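Enquirer: Got a structure for you, questions after.
Values quoted throughout were computed directly from the atomic coordinates according to the rules given, and no laboratory measurement underlies them. Predicted model, so just to flag it, every value in this text is computed and none were measured. Here the Cβ is made from the backbone with ideal geometry for all residues, glycine too, and neighbour counts use every protein chain on show.
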Amino acid sequence: MYKSKLSDHLILILGSVLMIGPVLIVFLTSTHDAVEVHRFGLMASWGDHFTETYNKVLFKEGGFTGQVTGVRMLINSLILGIGFGIGKIVLSMLAAYAIVYFRFRMGTFFFWVIFTTLLLPLEVRIMPSYEVVQQLGMLNSYSGMIVPLLASATGTFYFRQFFKSVPDELLEAARIDGAGPFKFFIDILVPTSKTMIAAIFIIMFVYGWNQYLWPMMMTNDEAHFTLVRGIKQILLVWVGSQIPEYNEAFALAVLAMLPPVLVVLIFQSWFIKGLTESDK
Amino acid sequence: MKRVQFTNASLPYLLLLPQLAIIVIFFYWPSAQAIQSSFYLEDPFGFGSTFVGMENYTDVLGSNEYASIARFTIAFTLLVTFLSLSIALLLAVKADAVLKGSSTYKTLLMWVYAVAPPVAGLMGVMFFDMHIGPFLKVAAFFGWDFKIGLNYFDTAFAMVVIAVWKQIPYNFIFFLSGLQAIPKSVREASMIDCRSGFRRFWSIILPLLAPTAFFLLIINMTYSLFDTFGIVDVVVKDKAANNPITLVYKVYMDGFRGGDLGGSSAQSVILMLVVFVLTIFQFRFIERRVHYG
């Protein structure tokens, strides 16, 4: 048998430290006040301004117009993450169900219409997408933030692969028992897909929460800012200030990564299964 | 496809409708517009536009600035892909090899996946910051006067480090699950045949990992091209002047900030072609893997 060597552990520990270290330092620094950080640099010790800083970031109205608090941005991020996750699952389950379980004319054509979207990420058609959303009057709205992001086939692709792996006997048995397409979908297919739905929801939630470019273009109204979008604002305020509010920026960064990181850690096994088994 | 299927005149169309509607409005329409406006010169004050044929393309492709940004993007993509893949592979091989603590290491090494690129960018900017950054002291020790945001090379260095850090967990997850899918019998047989651990890895394990590695290669290239936008934006802070930027960032700068819709669209179309080629490559490969894998 292979004997694990000390050097293996050393490499793994070094890797773990490089992954965790920066985040830990950012968190610890956020508990100090700005003057201290300005004078001594990043901190590796616990400061005594934790409650003060996080209170300010979460509840004080900041930004340019003073409309937005950290809590508001947190709620916006949750709306974007959860809305995107649910939207993705509903749309793609329905579409994949139609493609896999129905025989109909144009089926192959629609399949290709949907899967061509895998070819072009939103980033390369960002300007015209912005104009379309503007023409539809969807700037500065949650639907404008979420719906254009849904225009891709990733979820549909996952569910198609999964439905194809579901045994045919299930459908045969259900039909003998007299189940129609609705009953089969709701009573059999959805419960069978539970783990898959959870895994895809986690991946999509993280994806939605972490969106940056699209929310940045879509929203100039601060009431719609997400936490990740708020990072940009903090940097803009910095230019020209004597002592930048390092602690507040770090606190915002911590808040922006905490929910997706927690979700990934708590649902780790589902998440890894969903990622590695469907992303092919 | 399924052996048994429903046959229903209208239901499948109804099921597809929501997805199709969104795709047509937010994918096909804008994509068509990008292609169309790449042949027009938009008046900056909004008084119509004139057809200019391929002029936007020749302008873009003939410009020195675009060429140097393209060169940076290629170098950046290759570096980030190579570094994040090789570091992740090393960590995955070690995490697969150790008997104790394997799942703990897995947890510790994978969670950074959930950190958004701009958040990673902000953290990176602080670590390389000229006033408070600890990296500066390390660099100064080696006589390196590190100036992020001012020196082209230093800024590029910071971007690569941040982008690699952010991408290692993703590659690690895939490499580890690829390694764990290798059957025990194959491993045991290789133990008997090859005594040298390095040769065993090189001639048996690595070829078995090749499909995963190839898949990751494409994913990492698209990551470096597109998903790093947030990192680039946070690092250069809207002051692209002498700083390295990627092609996607240039599309955004010219279109959104500069108001040059035609030029920006032509760049979009060029990028579309690049992604198109990459994806076709990937699809062809997947097909092969389904047959022989």
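Enquirer: I need the Kirkwood Rh of chain B: take the reciprocal of the average 1/r across all distinct C-alpha pairs and report it in angstrom. Provide the component values of the computation, followed by the final result.
Expert: On the way: mean 1/r = 0.0443 Å⁻¹.
With all distinct Cα pairs of chain B included, I get 22.6 Å.
Enquirer: Please arrange A:60, B:166, A:232, B:2 by counting, for each residue, the other beta carbons lying within 10 Å of its beta carbon, fewest first. Please list the in-between numbers first.
Expert: Numbers: A:60 12, B:166 26, A:232 20, B:2 16.
Fewest to most other Cβ atoms nearby, the residues stand as A:60, B:2, A:232, B:166.
Enquirer: Calculated FRET efficiency, residue A:20 and residue A:273, Cβ-Cβ r, R0 22 Å, to nearest 0.05? Walk me through the numbers before you get to the answer.
Expert: Working: r = 24 Å, r/R0 = 1.08.
Efficiency computed from Cβ-Cβ geometry: 0.40.
Enquirer: Kindly state, to the nearest 0.05, the FRET efficiency for residue B:130 paired with residue A:195, given R0 = 60 Å and r defined as their beta-carbon distance.
Expert: Numbers: r = 49 Å, r/R0 = 0.81.
E(calc), rounded to 0.05, equals 0.80.
Enquirer: Between beta-carbons, use under 15 Å as the cut-off and find the net charge around residue A:46, counting Lys and Arg +1, Asp and Glu -1. Kindly include the intermediate steps, with their values, before the conclusion.
Expert: Working: positive: none; negative: A:33, A:36, A:48, A:52.
Summing Lys and Arg as +1 and Asp and Glu as -1 gives -4.
Enquirer: Separate question: Hey, rough spin-label estimate for residue B:28 and residue B:65, points 7 angstrom out along Cα→Cβ, what's it come to in nanometres?
Expert: Once both label points are built, they end up 3.6 nm from each other.
Enquirer: While we're on this one: Between residue B:180 and residue B:5, how many nm apart are label points set 7 Å from Cα along the C-beta direction?
Expert: 3.6 nm
Enquirer: Follow-up question, since we're still on this one. Give me a single rounded figure for A:98-110: the average over its residues of other chain Cβ atoms within 10 Å of their Cβ. Let's see the in-between values first.
Expert: Numbers: counts 11, 5, 3, 9, 10, 8, 10, 3, 3, 5, 0, 0, 6.
Mean partner-chain Cβ count within 10 Å for A:98-110: 6.
Enquirer: Counting other Cβ atoms within 10 Å of each Cβ, which chymotrypsin sites (Phe, Trp or Tyr not before Pro) in the stretch B:54-154 have at most 11 and sit in a DSSP loop?
Expert: Taking the stretch B:54-154 and a limit of 11 other Cβ atoms within 10 Å, the loop chymotrypsin sites (Phe, Trp or Tyr not before Pro) found are B:142.
Enquirer: Of all alpha-carbon pairs in the stretch A:60-278, indicate the percentage at a distance above 29 angstrom. Walk me through the numbers on the way to the answer.
Expert: Values: 9010 of 23871 pairs.
The calculated P(r) of the stretch A:60-278 puts 38 percent of pairs beyond 29 Å.
Enquirer: About the Cα centre, and with charges only on the beta carbon of Lys, Arg (+1) and Asp, Glu (-1), how big is the dipole of the protein assembly as shown? Nearest 20 debye, please. Please list the in-between numbers first.
Expert: Values: 40 positive and 36 negative charges, 426 e Å.
The dipole magnitude comes to about 2040 debye.
Enquirer: If each residue's Cβ is checked for other Cβ atoms within 10 Å, how do B:68, A:193, B:49 rank with the fewest at the top? Could you put the intermediate results ahead of the total?
Expert: Numbers: B:68 11, A:193 20, B:49 15.
Listed from fewest to most nearby Cβ atoms, that is B:68, B:49, A:193.
Enquirer: For the pairs B:94/B:250; A:88/A:183; A:194/B:250; A:56/B:239; A:5/B:166, flag any whose C-alpha to C-alpha distance is greater than 31 Å. Display every interim value, and only then the final one.
Expert: Working: B:94/B:250 40 Å; A:88/A:183 22 Å; A:194/B:250 42 Å; A:56/B:239 29 Å; A:5/B:166 28 Å.
Violating the 31 Å Cα-Cα cut-off are B:94/B:250; A:194/B:250.
Enquirer: Still on this structure, I have one more. Using a cut-off of 18 Å between alpha-carbon atoms, which aspartates and glutamates can reach residue A:232, once sequence neighbours fewer than 8 places away in the same chain are excluded?
Expert: A:61, A:123, A:221, A:222, A:245, A:248, B:129, B:227, B:233, B:238
Enquirer: Cα convex hull of the protein assembly as shown: how many Å³ per residue?
Expert: Values: hull volume 103.6 nm³, N = 573.
Roughly 181 Å³ of hull volume per residue.
Enquirer: Mind checking the alpha-carbon convex hull of the stretch A:100-189 and giving the volume per residue in Å³? Don't skip to the answer; put the middle values down first.
Expert: On the way: hull volume 12.3 nm³, N = 90.
Dividing the Cα hull volume of the stretch A:100-189 by its residue count gives 137 Å³.
Enquirer: What FRET efficiency do you get for residue B:214 and residue B:50 if R0 is 30 Å and r is their Cβ-Cβ distance, rounded to the nearest 0.05? List each step's numbers first, then the result.
Expert: On the way: r = 45 Å, r/R0 = 1.51.
That gives a FRET efficiency of 0.10.
Enquirer: How many nm is it between the label spots at residue A:105 and residue B:276, if each spot is 7 Å from the Cα in line with the beta carbon?
Expert: According to this spin-label approximation, the distance is 3.0 nm.
Enquirer: Follow-up. Add -39500 (n - 2.57) for each DSSP H run of 4 or more in the protein assembly as shown, then divide by its residues: what number comes out at 222 nm, to the nearest 500 deg cm²/dmol?
Expert: Details: 28 runs with 382 residues, N = 573.
After summing the helix terms and dividing by the residues of the protein assembly as shown, the value is -21500 deg cm²/dmol.
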